[in-house]
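The structure appears right after this line, and notes come after that.
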Ligand code: HEC
């Protein structure tokens, strides 16, 4: 009796395991980048965390600012890992977790469910880096952040012994221009105060971001205003001037 029992369990277990394998080795259905818009879900929803295969993941090619409809070539790489099976999931979102832009696949990648990001293909799980394009939206949607989850799998046809790494990019601001929010900012090399003169509006909201994408200064201005930037550390800053829904961007260097 004991033997029969094991025999039948194996008979049913094999097709189930095969179905699961066929369904999943080429990227998972569903969205698991770890982003707020993916409900912070990442690969650990199925691949048990805990293993350490030593690799680290890096996303390169992310621009500091995005232009309307421009395509950017990005690369997600896993380096230094002791295993040879990999996978990933990537998406781009605004501050409210809305999906932004469109994706174009490269070697070893495919659109993930709903097209709001990319994941690896079955063949792409033998690569440890993937190149692909992200195309910026046509209008300003505020800061955009890229979120990714990458897997280093031990190839043991089970969901344990794998390692998940998640990460995100700096918040990327737009250079998309709009008449309403045109302004002059001077000087562009500054020690204490920058002046901002609005051209087509009488009031605006100002936000200053550092190159890490952090908001460092926020203020409301009328026609012409001075912003005190004495307290900022030296470096490059991006000023966003917002009038109603229109946004313009200018850089200055604090020294
Ligand atoms: C809904 C469950 C589920 C989620 C979520 C999930 N996977 Fe998987 N994945 C599986 C299953 C099941 C397999 C097949 C068993 C195996 O090979 O480990 C698999 C296999 C893989 C493989 C092939 C491994 C090998 O050994 O051939 C890769 C690579 C992979 N997943 C990457 C990912 C990545 C990257 C994520 C997150 C972005 C992810 N998976 C999220 C269920 C999932």
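Each row is one residue, and each column tells you yes or no for (1) assigned by TED's automatic domain parsing to the domain that holds residue 40; (2) within 24 Å of residue 221 (Cα to Cα).
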position	(1), (2)
125	yes, no
142	yes, yes
145	yes, no
150	yes, no
158	yes, no
165	yes, no
183	no, yes
189	no, yes
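Can you find a residue in region 92-104 that is within 14 Å of the ligand (Cβ to nearest atom) and within 18 Å of the chain's Cα centre (by Cα)?
no
Considering only region 105-116, state which residues are closer than 17 Å to residue 60 by Cβ and within 11 Å of the ligand (Cβ to nearest atom).
108
Identify, from the list 89, 73, the residue that is crowded, with 20+ Cβ neighbours inside 10 Å and either modelled with pLDDT of 95 or more or within 12 Å of the ligand (Cβ to nearest atom) (or both).
Every option except 89 fails the conditions.
Taking into account only those residues within region 29-46 that are surrounded by fewer than 20 Cβ atoms within 10 Å (Cβ to Cβ) and more than 27 Å from residue 214 (Cα to Cα), which is modelled with the lowest pLDDT?
29
Kindly state which strands (runs of 3 or more DSSP E) lie completely within region 150-214 and contain at least 2 residues that are within 16 Å of the ligand (Cβ to nearest atom) and touching a strand residue (DSSP E or B) at 6+ places or on another chain (Cβ under 6 Å).
163-168
Taking into account only those residues within region 47-60 that are surrounded by 15 or more Cβ atoms within 10 Å (Cβ to Cβ) and closer than 14 Å to residue 88 by Cα, which is modelled with the lowest pLDDT?
Taking the candidates together, the pick is 47.
The values are calculated or read from the model by the stated rules, or taken from the named source; none is laboratory data. Everything numeric here is computed off the predicted structure, so don't read it as measured data. Reconstructed Cβ throughout: ideal geometry from the backbone, glycine too, with neighbour counts over all protein chains shown.
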